[in-house]
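For reference, the structure discussed in these notes is given below.
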Amino acid sequence: MRGIKNIATEINASNWNNAVELFNGAILEGLITDRFRYDITAYAYVSSLNARCYIPSINQSQIPKIYPEDSYYQRWEKKQDVLQGSIDLQIFYWNLATENGLNLGIVKLPYYGGIHTENLLIELITNQTEGLAIDSHSVLKARCLNQLHNNDSINIFGMAEYQLDTLPKTPSLTQPENFGISVGNTPTLIRAANTYRYRLHLQNTGSVGVWFSHGLDTSAIAYQVNVYGYRLTLHGMTS
């Protein structure tokens, strides 16, 4: 299973000192229904990440004279000459399992007198053909290391391509568990939720029709059949 998730967030005067989430790898496995049935390998690849900046609260920088034939180091040197007083934007991974962060780098964001767009991937990994890989236990975050003021804004946008590989699990079945429940005129819980339940057989051994549903008690309404409600007749069985 493959797909694309957009990245879009804003950093401004109200949240500049927070670690703003750009992409959360934990959402990937959540895209698979009935996850307990599969062994899942999930990862995402951030192939585009940009910052659209407007930071009038800092001194205006000169636009560096960068040419297409400049090497990465020439480009870097020219930018450093004009980036004094810029805003430092830190990009980092946060591991959900260990609660530890990994700094990917700090990108300097200047103010050129108007709105400009900075390619964050080029600044972080020096090569536009590369990207940032994220597994299902990591979150990509950003935060400013300098204070932003009113009218300042840094809009971060990009795209993450993800892939989910699934391998069906062989069910591990235990001995069947027999049970008996007396059902009256009010909704009665038959079995509690269990994400690992493989099969459930119900049989009405009484002489009166019984109605049941999945989920909330309020969904079990007598004489009403819908996608969630079913009727069990005498000696009927469902699985």
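Observations, loosely collected:
- The condition of being at pLDDT below 80 and either within 23 Å of Val46 (Cβ to Cβ) or among the small types (Gly, Ala, Ser) (or both) holds for only one of Thr166, Thr170, that being Thr166.
- Region 17-64, residues that are touching a helix residue (DSSP H, G or I) at 6+ places or on another chain (Cβ under 8 Å) and closer than 26 Å to Asn146 by Cα: Val46, Ser48, Leu49, Asn50, Ala51, Ser61, Gln62, Ile63, Pro64
- Any hit, region 212-232, residues being touching a Leu at 6+ places or on another chain (Cβ under 6 Å) and either loosely packed, with under 10 Cβ neighbours inside 10 Å or modelled with pLDDT of 75 or more (or both): no
- Test result for Trp76, under 26 Å from the mean Cα position of the chain (by Cα), of a type in the set (Phe, Trp, Tyr) and open to solvent by 50 Å² or more (accessible area, probe 1.4 Å): no
- The set of residues in region 112-125 being open to solvent by 20 Å² or more (accessible area, probe 1.4 Å), part of a strand (DSSP E or B) and not β-branched (Val, Ile, Thr) consists of His116, Asn119.
- Which listed residue is open to solvent by 80 Å² or more (accessible area, probe 1.4 Å) and within 30 Å of Ser207 (Cα to Cα), from Asn178, Asn150: Asn178
- Selection of first residues in region 178-195 that are over 15 Å from Val208 (Cβ atoms) and of second residues that are open to solvent by 70 Å² or more (accessible area, probe 1.4 Å) and of a type in the set (A, V, I, L, M, F, W, C), restricted to Cβ pairs under 6 Å at least 6 apart or on distinct chains, gives the following pairs, ordered by first then second residue: Ile190/Ile181.
- In region 16-44, the residues that are open to solvent by 60 Å² or more (accessible area, probe 1.4 Å) and among the β-branched types (Val, Ile, Thr): Ile27, Thr33, Thr41
Per-residue answers, yes or no, for (1) open to solvent by 70 Å² or more (accessible area, probe 1.4 Å); (2) touching a residue at least 60 places away in the same chain (Cβ under 8 Å); (3) within 22 Å of Gly30 (Cα to Cα):
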site	(1), (2), (3)
Asn100	yes, no, no
Gly105	no, no, no
Pro110	no, no, no
Cys144	no, yes, no
Pro168	yes, yes, yes
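- Of all the listed residues (Tyr43, Tyr54, Tyr112), the sole one being closer than 21 Å to Gly3 by Cα and among the aromatic types (Phe, Trp, Tyr) is Tyr43.
- Qualifying residue in region 45-68 (condition: open to solvent by 60 Å² or more (accessible area, probe 1.4 Å), touching an Asp or Glu at 6+ places or on another chain (Cβ under 8 Å) and of a type in the set (Ser, Thr, Tyr)): yes
The values are calculated or read from the model by the stated rules, or taken from the named source; none is laboratory data. This structure is a prediction, so every number in the text was calculated from the model and none was measured. In this analysis, Cβ positions are derived from the backbone assuming ideal geometry, glycine residues included, and neighbour counts consider all displayed protein chains. Just the protein is used for accessible areas: all its heavy atoms, side chains included, with ligands, DNA and RNA removed. Shrake-Rupley method; radii C 1.70, N 1.55, O 1.52, S 1.80 Å.
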